[in-house]
1. What number of residues within region 94-110 are within 21 Å of the chain's Cα centre (by Cα) and either under 30 Å from VAL321 (Cα atoms) or outside any helix (DSSP H, G or I) (or both)?
2. Restricting attention to region 128-160, which residues are closer than 20 Å to VAL321 by Cβ, in a strand (DSSP E or B) and not hydrophobic (A, V, I, L, M, F, W, C)?
3. Looking at region 247-263, which of its residues are in a loop (DSSP other than H, G, I, E, B) and surrounded by 24 or more Cβ atoms within 10 Å (Cβ to Cβ)?
4. Given the criteria surrounded by 15 or more Cβ atoms within 10 Å (Cβ to Cβ), touching a Cys at 6+ places or on another chain (Cβ under 9 Å) and among the β-branched types (Val, Ile, Thr), does ILE102 qualify?
5. Out of the residues in region 268-287 meeting the condition of being of a type in the set (Lys, Arg) and touching a helix residue (DSSP H, G or I) at 6+ places or on another chain (Cβ under 9 Å), tell me which one is surrounded by the fewest Cβ atoms within 10 Å (Cβ to Cβ).
6. Taking only region 176-215 into account, find how many residues are within 13 Å of the chain's Cα centre (by Cα), farther than 12 Å from VAL9 by Cβ and not small (Gly, Ala, Ser).
7. Out of all the residues in region 277-303, which are in contact (Cβ under 8 Å) with a residue 60 or more places away in the chain, assigned to a helix (DSSP H, G or I) and closer than 19 Å to LEU267 by Cβ?
8. Hey, can you tell me all the residues within region 216-235 that are assigned to a helix (DSSP H, G or I) and under 23 Å from SER14 (Cα atoms)?
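The values are calculated or read from the model by the stated rules, or taken from the named source; none is laboratory data. Just so you know, these numbers come straight off a predicted model, no measurement behind them. Cβ sites come from the backbone with ideal geometry, for glycine too, and all protein chains shown count toward neighbours.
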Amino acid sequence: MATSVSGRVLISSSAALLLCVFLSPKFIEFLRRRSFGQNIREEGPVGHQQKAGTPTMGGIIIVLAFAIPFLALSTRNWPSMGVFGVMLACGLLGFADDYTKIVHRRSLGLRARTKLVITIAISVGLWWVATQEVHLAPTVKLWVVDVNLDLGPFFLVFVYLVVAGTTSAVNLTDGLDGLAAGCTAIALLAYIGITFITPNDHDLELIAGCLTGACIGFLWFNSFPASVFMGDTGSLALGGAIAALAIMTQTEVLLIVIGGIFVLEALSVVIQVFSFQMFRKRVFKMAPIHHHFELEGWSETKIMLRFWIVAAACGAIGFTVYQLGIRG
């Protein structure tokens, strides 16, 4: 059984990778013809201005390359379809945001209130599937101390915080060529391991495998210098998928370790804003923290590779803690 499941995951992830590699050139050309290019924030690093006009919304290819092998090979059970639905919904939200930016020729997309309402609706849907269809208990597992914390009715709020926090963190990480796609692929590798050693999670393993393959395939065109950006379409879709995987595997707290790079990026923004609001001083030269290292003189490639190394260490630690937790 394990062999057949492993083979299915290998086939599906390879298919997602190849679909991304072969579909991307035509899609990038389509984006160029329609002038669907990235608008760069004026307050960003000066070197990023030359990236203006680079095709964006490449997340469409990631979602498509993931969806085809997943739907073809999965049993489409409630846990996996819950993750699929959240990824698709978050991707559509990101697409609307990207399209608004392109139409209005600005770096700001949908209003914050609109994003908030839609994210709440997505979170409610995920909560309903997790509690009513998958029958997960409204608890949070504290892995290090092996304690389950019963949240009761507040579990819905917790689900929203996981979805909103993860999508925002992945979105913030998507600021350098190849950074978000590579770190997401590494985090998803940890989830392949987690779902593989967990009974009856084989469709979730398939999801993690397909997403990993799609991210790696996308890196072929998104690595420095990028031919296409994933845009909010990709970053929100990937963030939503990781959040939903964490909910379905009850690794929400462990996600802080597995997605350590995403946490670091989001935390740097929080620290920067808090420090400036309270003391009128900046801790970093620019936030998120990858821009700080850019202004320190690090090349994009050096930042990307070093962040990947940290992401790999975080993923390995997270998987090890999970493995020890279920065996204990």
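1. 4
2. Matches in region 128-160: THR139, LYS141, ASN148.
3. The initial filter retains those residues of region 247-263 that are in a loop (DSSP other than H, G, I, E, B), namely 249-254, 259.
Correct list: THR251, GLY259.
4. No.
5. First, the residues of region 268-287 that are of a type in the set (Lys, Arg): 280-282, 285.
The next check asks that each one be touching a helix residue (DSSP H, G or I) at 6+ places or on another chain (Cβ under 9 Å); those that pass are 281-282, 285.
Values: LYS281: 8, ARG282: 14, LYS285: 14.
Ranking the qualifying residues of region 268-287, first place goes to LYS281.
6. 5
7. Scanning region 277-303 gives HIS290, HIS291, GLU294, LEU295, ILE303.
8. ILE216, GLY217, PHE218, LEU219, TRP220, PHE221, ASN222, THR233, GLY234, SER235
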